[in-house]
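Undergrad: Next up is a structure, given as structure tokens.
The values are calculated or read from the model by the stated rules, or taken from the named source; none is laboratory data. From a predicted model like this one, the values you see are computed outputs, not experimental measurements. Note that we place each Cβ from the backbone using ideal geometry, even for glycine, and neighbour counts take in every protein chain shown.
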Amino acid sequence: MSALLEVSGITAFYGASQALFGVDLIVNEGEAVALMGRNGMGKTTTIKTICRMMSHRDGEVRFADTDLAKLPSHKAARLGIGLVPEGRRCFARLSVMENLMAAARAGEWDFDRVADLFPRLAERRDQKAMTLSGGEQQMLAIGRALMTNPRLLILDEATEGLAPVVRQEIWAAINRLKQSGLSILVVDKSLKELSGVADRYVVVEKGVTAWTGAVGDLTDDLADRYLGV
Ligand code: ATP
């Protein structure tokens with residue numbers, strides 16, 4: 001397996017305040033990796049760094065054999081990193097269709113394929129994003145990322161705050177994406193659902209990669225120690 005994304009020893013700062021002290025993580029082609037850790041441990045900061053919304057200071061972020069240092073976020077997206085950000089962030093006053101088309105880039109993902117994954121988006125194609133339910137907005141955020149035809153899909157807390165039945169729909173979709181061979185990096189709090197979709201776990205603690213291993217290797221003791229579950 002070859003590494004699609006390789007993050008090695010990165011540090012990152014918010015002003016003078018250091019948030020990352022040495023994060024390592026690899027996502028191989030076709031792999032789903034779950035980035036885990038308690039609140040405030042550095043998951044979102046790691047993702048912002050990968051997507052070039054923040055710069056790392058030390059270490060390296062390589063994607064598809066390109067060193068991402070100094071690359072602005074729109075160029076990172078063009079390389080094939082599709083982000084579903086925490087908090088969804090769709091264009092509220094644009095319709096479902098307009099939101100999707102604004103993100104579109106040539107490739108196998110188009111409106112029909114997104115509609116097949118999330119039939120509710122097709123039903124609501126002419127509705128403004130702000131009139132959608134939270135779950136539908138989340139589907140739209142995932143659809144937007146897919147419309148960029150990413151090589152790597154990054155999901156940051158994609159099921160946060162959603163009703164259980166809607167969460168199941170989102171997890172089913174993520175599973176389908178994984179089965180289709182898409183490489184995925186996912187942050188979520190739900191260990192049960194993560195264990196169904198991920199190949200490997202990477203655990204961050206206080207801005208450092210503290211543990212990484214296959215899903216089956218995360219013992220109850222480790223989960224208790226790093227995740228408090
Ligand atoms: P959560 O699960 O709560 O989203 P997380 O693991 O994603 O947590 P981060 O959001 O990456 O954690 O935060 C890592 C550290 O950076 C924390 O100490 C946090 O307080 C700090 N931090 C995050 N965002 C900012 C910011 N905008 N300015 C200053 N410090 C920040």
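Undergrad: Can you give me the number of residues within region 17-48 that are more than 9 Å from the ligand (Cβ to nearest atom) and part of a loop (DSSP other than H, G, I, E, B)?
TA: Total satisfying the criteria: 3.
Undergrad: Any residue at all in region 3-16 that's among the small types (Gly, Ala, Ser), assigned to a strand (DSSP E or B) and within 9 Å of the ligand (Cβ to nearest atom)? Spell out the reasoning first.
TA: Within region 3-16, the first condition is being among the small types (Gly, Ala, Ser), and the residues that meet it are 3, 8-9, 12, 15-16.
Filter once more, so that each one left must be assigned to a strand (DSSP E or B): 3, 8-9, 12.
Those still in the list that are within 9 Å of the ligand (Cβ to nearest atom) too: 12.
Yes.
Each row is one residue, and each column tells you yes or no for (1) of a type in the set (Val, Ile, Thr); (2) within 17 Å of Leu100 (Cα to Cα).
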position	(1), (2)
Arg125	no, yes
Glu157	no, no
Val165	yes, no
Trp171	no, no
Asn175	no, no
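Undergrad: If you don't mind, there's one more thing I want to ask. Tell me, yes or no, whether region 158-172 has at least one residue that is at positive phi, within 16 Å of the ligand (Cβ to nearest atom) and either crowded, with 21+ Cβ neighbours inside 10 Å or hydroxyl-bearing (Ser, Thr, Tyr) (or both).
TA: For region 158-172, residues at positive phi, within 16 Å of the ligand (Cβ to nearest atom) and either crowded, with 21+ Cβ neighbours inside 10 Å or hydroxyl-bearing (Ser, Thr, Tyr) (or both): absent.
Undergrad: Please tell me if Ala122 is without any contact (Cβ under 8 Å) to a residue 40 or more places away in the chain, surrounded by fewer than 22 Cβ atoms within 10 Å (Cβ to Cβ) and touching a Cys at 6+ places or on another chain (Cβ under 9 Å).
TA: no
Each row is one residue, and each column tells you yes or no for (1) at pLDDT below 95; (2) in a helix (DSSP H, G or I); (3) on the phi < 0 side of the Ramachandran plot; (4) within 15 Å of the chain's Cα centre (by Cα).
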residue	(1), (2), (3), (4)
Arg88	yes, no, no, yes
Ala106	yes, no, yes, no
Asp116	no, yes, yes, no
Leu140	no, yes, yes, yes
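Undergrad: Considering only region 49-81, state which residues are out of contact with any strand residue (DSSP E or B) (no Cβ under 8 Å at 6 or more places or on another chain) and either part of a helix (DSSP H, G or I) or away from the ligand (no atom under 16 Å from the Cβ) (or both).
TA: Asp65, Thr66, Lys70, Leu71, Pro72, Ser73, His74, Lys75, Arg78
Undergrad: Determine, yes or no, whether Arg88 is within 17 Å of Thr159 (Cβ to Cβ) and more than 13 Å from the ligand (Cβ to nearest atom). Working first, answer last.
TA: Working: within 17 Å of Thr159 (Cβ to Cβ): yes; more than 13 Å from the ligand (Cβ to nearest atom): yes.
When the stated conditions are applied, Arg88 passes them.
Undergrad: In addition: Exactly one condition in (1) of a type in the set (Gly, Ala, Ser); (2) in contact with an Asp or Glu (Cβ under 9 Å, 6 or more places away or on another chain); (3) in contact (Cβ under 8 Å) with a residue 24 or more places away in the chain is not met by Ala173; state its number.
TA: With (1) of a type in the set (Gly, Ala, Ser); (2) in contact with an Asp or Glu (Cβ under 9 Å, 6 or more places away or on another chain); (3) in contact (Cβ under 8 Å) with a residue 24 or more places away in the chain applied to Ala173, the lone miss is (2).
Undergrad: Which members of region 192-204 meet the condition of being surrounded by fewer than 17 Cβ atoms within 10 Å (Cβ to Cβ) and either within 16 Å of the ligand (Cβ to nearest atom) or more than 23 Å from Arg88 (Cβ to Cβ) (or both)? Give the derivation first.
TA: Within region 192-204, the first condition is being surrounded by fewer than 17 Cβ atoms within 10 Å (Cβ to Cβ), and the residues that meet it are 192, 195-196, 199.
Result: Ser195, Asp199.
Undergrad: Scan the helices (runs of 4 or more DSSP H) fully inside region 161-229 and keep the ones with 3 or more residues being hydrophobic (A, V, I, L, M, F, W, C), out of contact with any Ser or Thr (no Cβ under 7 Å at 6 or more places or on another chain) and modelled with pLDDT under 95. Steps first, please.
TA: Details: elements: 164-179, 191-197, 220-227.
Of the helices (runs of 4 or more DSSP H) lying wholly inside region 161-229, those with at least 3 residues that are hydrophobic (A, V, I, L, M, F, W, C), out of contact with any Ser or Thr (no Cβ under 7 Å at 6 or more places or on another chain) and modelled with pLDDT under 95 span 220-227.
Undergrad: Still on this model: Scan region 22-57 for residues that are among the β-branched types (Val, Ile, Thr) and out of contact with any helix residue (DSSP H, G or I) (no Cβ under 7 Å at 6 or more places or on another chain) and jot them down. Talk me through it step by step, then tell me what you get.
TA: At the first step, the residues of region 22-57 found to be among the β-branched types (Val, Ile, Thr) are 23, 26-27, 33, 44-47, 49-50.
Selection gives Ile26, Val27, Val33, Thr44, Thr45, Thr46, Ile47, Thr49, Ile50.
Undergrad: Scan region 41-73 for residues that are aliphatic (A, V, I, L, M) and surrounded by 15 or more Cβ atoms within 10 Å (Cβ to Cβ) and jot them down.
TA: In the first step, residues of region 41-73 are kept if they are aliphatic (A, V, I, L, M); the result is 41, 47, 50, 53-54, 61, 64, 68-69, 71.
Across region 41-73, the qualifying residues are Met41, Ile47, Ile50, Met53, Met54, Val61, Ala64, Leu68, Leu71.
Undergrad: List the residue pairs whose Cβ atoms are under 8 Å apart, where the first residue sits in region 91-112 and is touching a residue at least 40 places away in the same chain (Cβ under 8 Å), the second is of a type in the set (Val, Ile, Thr) and part of a helix (DSSP H, G or I), and the two are 6 or more positions apart or on different chains.
TA: Leu100/Val114
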